[in-house]
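Q: Before I ask anything, here is the structure I am working with.
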Amino acid sequence: MNAPITFHENARRVVANPVLRASFRGAMDFLMAKRAAQFPDLDAFEALRTQGEAIRQYSLARLPDLLEQLEANLTRNGIQVHWAETPKEACQIIIDITRKAGGDLVVKGKSMVSEEVELNHALEAAGIGALESDMGEYIVQLAGEKPSHIIMPAIHKTKEEIARLFAEKVPGVAYTDSVDELIQIGRRVLREKFRDTKVGLSGVNVAIAETGTLCLVENEGNGRMCTTVPEVHIAITGIEKVVEKLEHLPPLMALLTRSATGQAITTYFNWISSPRREGELDGPKEVHLVLLDNGRSQMYTDERLRATLQCIRCGACMNHCPVYTRIGGHAYGTTYPGPIGKMVSPHMLGLDATKDLVTASSLCGACGEVCPVKIPIPDILMQLRRQSQGTAGGIQLPAAGSGRRPLQSMAFKLWAGLYARPLLYRIFGFFATRLRGLTPKWQGAWTNSRAPLRPAAQTLHERMRLSTTRD
Amino acid sequence: MNTARERILGRLRSHPSAVASSGHLRPNDLPVPPAPTFSAISGSLALDDAIASFRRGSETFHAEVIDTRAGDWRQTLAEICAAKNVRHLVLPPQSDLMPWPNGPELRKFEQPIENFKRELFDDTDAGLTIADGAIADTGTLFQIDPRTTPRTLSLVPPIHFCVLNVNRILPTLQSAVASEGWQVAMPSNLVFITGPSKTADIQQTLAYGAHGPKELVVLLTEGAA
Ligand code: SF4
């Protein structure tokens, strides 16, 4: 399994794999085109995302109060609320609920937060099975892998690979590379599980404080299965997902589904506000919500990083990222890949473990331009780089400065000194151009995959002077 | 002060000011500006426009929309059941639909799902529901009260028939949130449905009938069903 600390190696492996690269390129082009078709009018998009940003910032400014309001209303509605500071605590809460319900299997709807806390491992260690039911997640779980994209988990696999996987791992299934048949195979296997499993788990896209409502979007129906058929439904989400009012929901949803998969709305938009009530014939008898911190309150502490929490997890920043498109989701070695992953992972895993992620950006700005809630992603990456170098000032995150390399910072100090003194700079330029034959062939990471840099025969100043005298 | 809850809230409260020196964050006391009208629809809609827009949206999402206002939706339902070879149809608890010659076997969803799971999952071809309303903008149906429409009835059977009173088509989700009073009386499970279940998880190829119904047929009526 990849780790963020071996990012460079992981990335190199993918760059050398033409099949994987074609999968990602194709999928990203597809998602970008679908999204663009949903926002034909850029002014309207801009107005809507300004609204989305305002709603998220309004909510974050009141976060502790909204969490208390949400808790009070959920409790009044009969939904039990649990708080977890760490992944370990979150997993333990879920294990305890499952045991109490007498469950030996948890059937799961798509939830990135459950990936973040590595719930499947924790459940297995406790002797409880975990079954992913989103088609993409199911495929990835069968293959013993992790999702490579937060919206399309199996985007790295071709249908032939999936066909071979099913033929090998699903009992009684012959090889077929018809997508319809493959989906029907998944449907058959999972349908039995929805019918017979006691505990279902889901994520939450938005929680509404004023009504005590958990909102979920999905296309497949597995989310509704997991939250409706089992006796116990456990939802898990990060503490940032709450908004105050129901009227805040429609603009966020319009942005989320369009940005994520280029749809005006998903097939199902499911608002859950209570367990089965008197007189109802189906629905879970117990509903639980686990609220997870895991680094989020740290993002909250620094106002230059707080905008990270505005994220509605649409994945658009990944789809438009030139780095993600080339190296795919696994290379990052983190639950959340791409630009959003680079922003959140340092808080979850530490700046030291993720020091190569914050620099894995060309700062081209595409992510910031498409983000539906206007998170200034490049600025946040810069701020995290400063934190990693120990030059951020203000609040220091744990392990601030751990990304500093003495040789590199010396080189930049030297450069800054030269650049600030015209005379020194001229002298440096004079010698650098005259002695360019001596430029080393090995120039650190630069020459790993590029030709060495060599100064030109003349400095720009010299050439300017020449051309003006000639006129 | 030592539960996870108190520690998390305490940490959040120890940094109350999110104000703007970075230029990125709104001051705490600014209200949210009114939502822009992003949808092509603003204000109310004439009935025909509402129906046309609903149909357009629904069909984009692969639902079948049949206008039965000129006749009786029950007749249309019978015809579709025959065409689609439906042998077992599950009805909502209050339904007064009666069996018809050569029609499917009708079963009412009138006991808790626990007593009914196997039949519903393994031996049902179609489910019938009555929509509580719809959204013109996106072609979306919504179902409010799990007492009159059990949640699984629109989800588990492979075909979903839904009867929609055209007078209940509202312009947008936003207008529904403004007019339906859900803030004060939120049902236990409010479900919005647009088209049949689908997935594009294998190589971005769209396939219908992922876990929910493969087909959604909407029967438009006027007045109560
Ligand atoms: S950072 Fe913005 S673009 Fe990226 S997933 Fe979050 S909301 Fe979407």
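Values in this text are rule-based calculations from the coordinates and carry no lab data. Just so it is clear, the structure is predicted and the values come from calculations on it, not from any experiment. Using ideal geometry, Cβ is built from the backbone for each residue, glycine included, and neighbour counts are taken over all protein chains shown.
Q: Every cysteine in chain A with no other Cys Cβ under 4.7 Å from its Cβ, please list them in numeric order.
A: A:Cys91, A:Cys215, A:Cys226, A:Cys311, A:Cys314, A:Cys321, A:Cys364, A:Cys371
Q: Quick one: angle between helix A:87-100 and the longest Cα principal axis of chain A, in degrees between 0 and 90, rounded to 10, please.
A: 10 degrees
Q: Let me ask you something else. Given H placed on each backbone N at 1.01 Å, which residues far from B:Leu170 in sequence or on other chains put an amide H within less than 5 Å of it?
A: B:Ala134, B:Ile135, B:Ala136
Q: A further question follows. By how many nm would the segment from A:Thr75 to A:Thr468 lengthen if fully extended, with 0.36 nm per residue of separation less the alpha-carbon distance? It would help to have the intermediate numbers written out before the result.
A: Numbers: separation 393, 0.36 × 393 = 141.48 nm, distance 7.79 nm.
Result: 133.7 nm gained on full extension.
Q: Okay, moving on. Among A:Met348, B:Met98, rank each residue by its count of other Cβ atoms within 10 Å, from fewest to most, as a rough exposure measure. Display every interim value, and only then the final one.
A: Numbers: A:Met348 20, B:Met98 8.
Fewest to most other Cβ atoms nearby, the residues stand as B:Met98, A:Met348.
Q: A follow-up question, please. Whole angstrom only: what separates the Cα centroid of segment A:1-45 from the Cα centroid of segment B:127-165?
A: Cα centroid to Cα centroid, the span is 37 Å.
Q: Here's another thing I want to ask about it. How tilted is helix B:73-83 with respect to the longest principal axis of chain B? Cα atoms for both, answer in degrees (0 to 90, nearest 10).
A: It is inclined by approximately 70 degrees.
Q: In nanometres, what is the gap between the two model label sites at A:Gln408 and B:Glu59, each 7 Å from Cα along Cα-to-Cβ?
A: 5.7 nm
Q: Other chains' Cβ within 10 Å of A:54-64 residues: what's the mean? Numbers along the way, then the final one.
A: On the way: counts 6, 3, 2, 9, 7, 1, 5, 10, 2, 5, 9.
Neighbouring Cβ atoms belonging to other protein chains average 5 per residue here.
Q: Taking the Cα centre of each part, how many Å lie between segment A:304-323 and segment A:370-421?
A: About 19 Å separates the Cα centre of segment A:304-323 from the one of segment A:370-421.
Q: What is the packing order of peptides A:168-180, A:297-309, A:99-111, A:42-54, taking the mean over residues of other C-beta atoms within 10 Å and listing the highest first?
A: Numbers: A:168-180: 12.7, A:297-309: 22.7, A:99-111: 20.5, A:42-54: 17.8.
The densest-packed peptide leads the list: A:297-309, A:99-111, A:42-54, A:168-180.
Q: How many partner chain Cβ atoms sit within 10 Å of a residue's Cβ in peptide A:179-188, on average, as a whole number? Spell out each step's value before the answer.
A: On the way: counts 9, 6, 1, 5, 12, 4, 0, 6, 9, 0.
The per-residue average across the peptide is 5.
Q: Still on this structure: Tell me, what ³J(HN,Hα) does each residue in segment A:68-73 have, in order and in whole Hz, if you take phi through Karplus 6.51 cos²θ - 1.76 cosθ + 1.60 with θ = phi - 60° and put x for Gly and Pro?
A: 5, 5, 4, 4, 4, 6
Q: So how tilted is helix B:47-60 from the main axis of chain B? Cα-based, degrees 0 to 90, rounded to 10.
A: Result, in degrees: 90.
Q: For A:Ala130, list long-range residues whose amide hydrogen, built 1.01 Å from N in the peptide plane, is under 5 Å from its own amide hydrogen.
A: A:Val106
Q: Under the definition of Cα pairs under 8 Å and six or more residues apart, what whole-number percent is the relative contact order of chain A? Mind dumping the intermediate values first?
A: Values: 775 pairs, mean separation 93.0, N = 471.
Relative contact order for chain A comes out at 20 percent.
Q: Shifting gears a bit: Determine the gain in length on full extension of the stretch B:His88-B:Val184; use 0.36 nm per residue of separation and subtract their C-alpha separation, reporting nm with one decimal. Let's see the in-between values first.
A: Working: separation 96, 0.36 × 96 = 34.56 nm, distance 3.82 nm.
Here the segment from B:His88 to B:Val184 would lengthen by 30.7 nm.
Q: Arrange the following residues from fewest to most other Cβ atoms within 10 Å of their Cβ: A:Val189, A:Val243, A:Val217.
A: Numbers: A:Val189 17, A:Val243 24, A:Val217 21.
Ranked by crowding around the Cβ, least crowded first: A:Val189, A:Val217, A:Val243.
Q: Which ordering of A:Cys215, A:Cys364 is given by a fewest-first count of other beta-carbon atoms within 10 Å? Mind dumping the intermediate values first?
A: Numbers: A:Cys215 22, A:Cys364 13.
By the 10 Å Cβ count, ascending, the order reads A:Cys364, A:Cys215.
Q: Have a look at B:Gly57, B:Gly209, B:Gly43 and tell me which one the Gaussian network model of chain B (Cα, springs below 10 Å) gives the largest fluctuation.
A: It is B:Gly43.
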